[in-house]
Each structure stands twice: as C-alpha cells, then as structure tokens.
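A.B. asks: Encoded as structure tokens, here's the structure I'll be asking about.
The values are calculated or read from the model by the stated rules, or taken from the named source; none is laboratory data. All of these numbers come straight from a predicted model, not from anything done at the bench. Counting neighbours? That spans all protein chains shown, and the Cβs are built from the backbone with ideal geometry, glycine included. Note: accessible area is taken over every heavy atom of the protein model, side chains too, but ligands, DNA and RNA are not part of it. Shrake-Rupley method; radii C 1.70, N 1.55, O 1.52, S 1.80 Å.
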Amino acid sequence: MDFRNWIAGEWRGADEAIADINPSNTGDIVGEAALGTAEDVNDAVAAAKAAAPGWANSTPQQRFDVLDFIGTEILARKAELGRLLSREEGKTLAEGIGEAARAGQIFKFFAGEALRQTGDRLASVRPGVEIEVTRSPVGIVGLITPWNFPIAIPAWKTAPALACGNAVILKPSEIVPASAHALAEIIARSGLPEGVFNMVIGTGPDVGAALVAHDDVKAISFTGSVATGRLIAAECGRSLKKLQLEMGGKNPFVVLDDADLDVAVGAALNGAFFSTGQRCTASSRLIVTEGIHDRFVAALAEKASALVVGDALDEATQMGPVINEAQLNKDLDYIDIAAREGGAVSGGQRLNRQTPGHYLSPALVTETTNHMRINREEVFGPVASVIRVRDYEEALSVANDTEFGLSAGIATTSLKHASHFRAHAQAGMVMVNLPTAGVDYHVPFGGTKASSFGSREQGRYAAEFYTVVKTAYTQP
Ligand code: UN1
C-alpha cells in the first residue's frame, strides 16, 4: 500500500485498500491507500492520550520549531506537492501549487501563533485578589476533512490544533489520500513526539463515526456537507464534545448597474468556475440588476465557454475535471432540474478529452428565480445561475433569502451600496469587487446560518476552538 495510516509513531497498513484515482485520467491510479477501521481509531486515540500531557506542557519554542519545520518543507516542495494534489483532485496545476503554498503558509503562521499565546491579568472586584485568565489545550481533537482542499484544510485544522498544544487524529477524505499522506510524512519527521499527531484514512461511516463517538476525543472540527454535519452535531451533543462545523454554501454574488463590467465578470468567472466550482465558497447565485443584466450575462457566457477544460496537469487547462462520476452525475442532474424548472442553460455538457476523465463544461443557467431548486441547494460543481432583480434592495433581499450564509459578494462602484452590503449581507465573509471564493490564510474563515457552527477557523480566532479558558483567582 502506498498511503498508510500514521498511528502511534508507526506506519500501519490495512486489510482493505482504496484506489486513489486521477479524475483527469481514470486509467491513472495515484496509489492505493490503507482503509482504516474503528480499531485504528481506538489505537490512534490511545496513542494520543498517552502523548497529550507531554505536548500540552511543551514550550512555545518546541511548538514553533515543529510547525516551522513543517511549513518550511511544504513551501520548499510546493511544486511537487501541488502536482500530486492536482493529479488526485483535478484542480489546475496553478491552483494545486497555490493550495500547497497556502498549507505551508498556514503552518508558518501558526508557528508564530505558538509564540504569541497570551492571557489576561485583571484586578478583582475584591481587594487584594488577583485574576489571571489563561488558555489550555482541549486535549485530543478529531479533524475530519473533505476532498476538495486535500492539503489546505488538513493544514488549517492541524496547525492551530498543534500550536495550541492538542493531540490530533486527522481523518482525511479517502478520495484524496495522497496529499494527506504527504503531509503526515512531513509531520512524522518534524520532531513532534510520537502519538501527538495521528492520521487514519477511511470512510465517514467507519473512521469518522468512530472518531466522533470516542469518549476520549474532546473536540471535533469538520468540513463537509450539512447532512453529515447534523449527524456529527447530534453525536457531539450526546458526548458533550466541543464542535466546529464548516458546511455548505449557496453564495450570492450581486452585480449592480454601476459595477465595472470587467471586474464583475472576472470575479463571477473565478468564483463560479475556478476549482471546477467545487468550493463551499463558490459563487453559485449571480444576482444581477436589470440595467447591466444582458451585458453581464453575454460577457460571462462568452468567457465561461472559452475556458479551456482539460487535464488538470496540462499547463493550458483553465478548469479541471469534476472529482468523480457520482459528483458529475449530480451536477448533470441539477442542470437538468434547472432546465425543467424553466432556466435557460448554456454549457453544462459532458466533454470527452484524450484521457478518460470526468469532464464537464461550465454551466450558466439564466432566467432563474430564487425559489428554484438550483438556487436553494448546493450543487458543488461548475454550475452558476443568474437571477435578474430590479435594484439593490431586491438584490440584497434575494442574496439573504437562503438557508446558507458562508460568503457573499458584490460588484459595485457605489460606496454607499458596498458599505450597506458589508453590514447587511447575512454571511460570515463579505467580498466587495472580489470573488466569493479564495480567502487569505491569516484571518478568520466561516459562515452564518446552516453554513457553519461553532467558532471560527483560521487566524488568531482559531485559538477559540482549540483551547479552553481557565480563570484563576489568587489571594496572595
Ligand atoms: C477558499 O475559497 O479559498 O471547502 C477556501 C471549501 C472551503 C474552503 C474554501 N472550506 O470550499
């Protein structure tokens, strides 16, 4: 087996293997991964339990050194790791390398954060008493990550978890084990004591469920679907675990009459179709006021149809394949549903290329209304719809009329509307004249409503999840 599990400082195989298939060329097997079991989870948690106190008491310098080593190596190898990522996930080489670099930068950022952990010292309301507020690690944390960011999301959960002194069990998606394995291999050589970091590759129902149900695991951070998030939340409610969920989106991108057309089209193209639209931050609802609607739609349709769809590893490719056949069929089903609901579809066709892969042309669905299924449910593919509205006020109310609230964008040259939108868009992230997707690595990431649950990921705010606060009163 090429990609094994890292448990208690050892590489461990499994009875069952899963093939890591290149979505650009299904004849290319990236490798075979060990399919972990509940028993592997138990062993990983036991190892983490033994190692946790040591790491919880490590110095900021030890934490810095480990995280800095990992970040430095990822950055030095970003071209190779990015290529591996693109080969197994299907995003373009530029996006794959960019994601690997982001993972390296995240480890570097949290290396610094390990040195910067602070507390508060306050005067008591009672004379002579001192108060100190400090943060301690949560203990053993379970990290469950999706297939669409095979290295960045494992990095943005693992790095803060370790920086804050926790022991980790990472369950990466079994669809993209190569990137997670490469990350684990670097962590294994970083000087981190045995058992502090463990990785068990496997399916949600087996490995994910065992991790969430384990009583020694004190916190779960999950990125994935709303349906799975709800199951995890119910289980964490039972066992009283700390919980952080990052789930779906149906992100609005508003285009106003006064927008710079090139800026609006560029941001919509990127937000809707880059990474093959397989981002929870994708711009899937384009809400356009009537004065610019026809010009915007014509320009976007032209740019979308000109996108070069092909093998992720081909330098000329601008949009790679869909992850697998099941997702491709789901995308096609939604395109069909949109057409039957009265939408006008351009693109959205299955494409043949030189190699067998899951290729789909970008789909733009115009003449839609916000109550159609295409505008209510997350597709997770290169499919965007356009909703025509009268004015800014209607645009804002349509933008907020959704169960989700991850990211919301607006293209406008009006300071008044930009400011109003920033204040009133019901989303965790607001983008002005920028795509809804594509975020910085040093600031909080997360949403509102059904998109997120619990405290924010990334940046300084990540410590909120990976620590527990202690308030100490002393009468000297
Ligand atoms: C981005 O848009 O840069 O699963 C990040 C996702 C998100 C990450 C998006 N958690 O798509």
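A.B. asks: Between Leu115, Leu85, Leu93, Leu81, which is within 16 Å of the ligand (Cβ to nearest atom) and touching a residue at least 40 places away in the same chain (Cβ under 8 Å)?
C.D. replies: Result of the check over Leu115, Leu85, Leu93, Leu81: Leu85.
A.B. asks: Another one. State the number of residues belonging to the range 433-450 that are farther than 19 Å from Gln244 by Cα and either under 14 Å from the mean Cα position of the chain (by Cα) or within 16 Å of the ligand (Cβ to nearest atom) (or both).
C.D. replies: Going through the range 433-450 one residue at a time, the tally reaches 6.
A.B. asks: Restricting attention to strands (runs of 3 or more DSSP E) lying wholly within the range 399-476, give those where 3 or more residues are surrounded by 15 or more Cβ atoms within 10 Å (Cβ to Cβ).
C.D. replies: 407-411, 429-432
A.B. asks: Here's something else I'd like to know. Could you tell me which numbered condition Ile323 fails, if it satisfies all but one of (1) within 16 Å of the ligand (Cβ to nearest atom); (2) farther than 26 Å from Val255 by Cα; (3) surrounded by fewer than 24 Cβ atoms within 10 Å (Cβ to Cβ)?
C.D. replies: (3)
A.B. asks: Shifting gears a bit: Would you be able to tell me the number of residues in the range 350-398 that are in contact with an Asp or Glu (Cβ under 7 Å, 6 or more places away or on another chain) and assigned to a helix (DSSP H, G or I)?
C.D. replies: Total meeting the criteria: 2.
A.B. asks: From the set of residues in the range 201-251 that are within 27 Å of Gly438 (Cα to Cα) and of a type in the set (Lys, Arg), which is farthest from the chain's Cα centre (by Cα)?
C.D. replies: Out of the qualifying residues, it is Arg230.
A.B. asks: Which one of Ile106, Ile7 is of a type in the set (Val, Ile, Thr) and within 16 Å of the ligand (Cβ to nearest atom)?
C.D. replies: Ile106
A.B. asks: Just to confirm my filter: which strands (runs of 3 or more DSSP E) fall fully inside the range 1-67 and include at least 1 residues that are β-branched (Val, Ile, Thr)? Talk me through it step by step, then tell me what you get.
C.D. replies: Details: elements: 5-7, 10-12, 17-21, 29-34.
In the range 1-67, the matching strands (runs of 3 or more DSSP E) lie at 5-7, 17-21, 29-34.
A.B. asks: Would you mind stating whether Asp258 is under 18 Å from Ser414 (Cβ atoms), away from the ligand (no atom under 16 Å from the Cβ) and in contact (Cβ under 8 Å) with a residue 60 or more places away in the chain? First the steps, then the outcome.
C.D. replies: Details: under 18 Å from Ser414 (Cβ atoms): yes; away from the ligand (no atom under 16 Å from the Cβ): yes; in contact (Cβ under 8 Å) with a residue 60 or more places away in the chain: yes.
Criteria met by Asp258.
A.B. asks: Please specify each residue of the range 232-257 satisfying the condition of being open to solvent by 30 Å² or more (accessible area, probe 1.4 Å) and either of a type in the set (Phe, Trp, Tyr) or under 12 Å from Phe296 (Cα atoms) (or both).
C.D. replies: Matches in the range 232-257: Asp257 only.
A.B. asks: Can you find a residue in the range 280-293 that is in contact with a strand residue (DSSP E or B) (Cβ under 8 Å, 6 or more places away or on another chain), closer than 15 Å to Pro382 by Cα, among the basic types (Lys, Arg) and surrounded by 24 or more Cβ atoms within 10 Å (Cβ to Cβ)? Walk me through it before giving the result.
C.D. replies: Restricting attention to the range 280-293, the residues satisfying the condition of being in contact with a strand residue (DSSP E or B) (Cβ under 8 Å, 6 or more places away or on another chain) are 280-290, 292-293.
Subsequent filtering for residues that are closer than 15 Å to Pro382 by Cα retains 280-286.
From what is left, the residues that are among the basic types (Lys, Arg) are 285.
Filter once more, so that each one left must be surrounded by 24 or more Cβ atoms within 10 Å (Cβ to Cβ): 285.
Looking through the range 280-293, at least one residue is in contact with a strand residue (DSSP E or B) (Cβ under 8 Å, 6 or more places away or on another chain), closer than 15 Å to Pro382 by Cα, among the basic types (Lys, Arg) and surrounded by 24 or more Cβ atoms within 10 Å (Cβ to Cβ).
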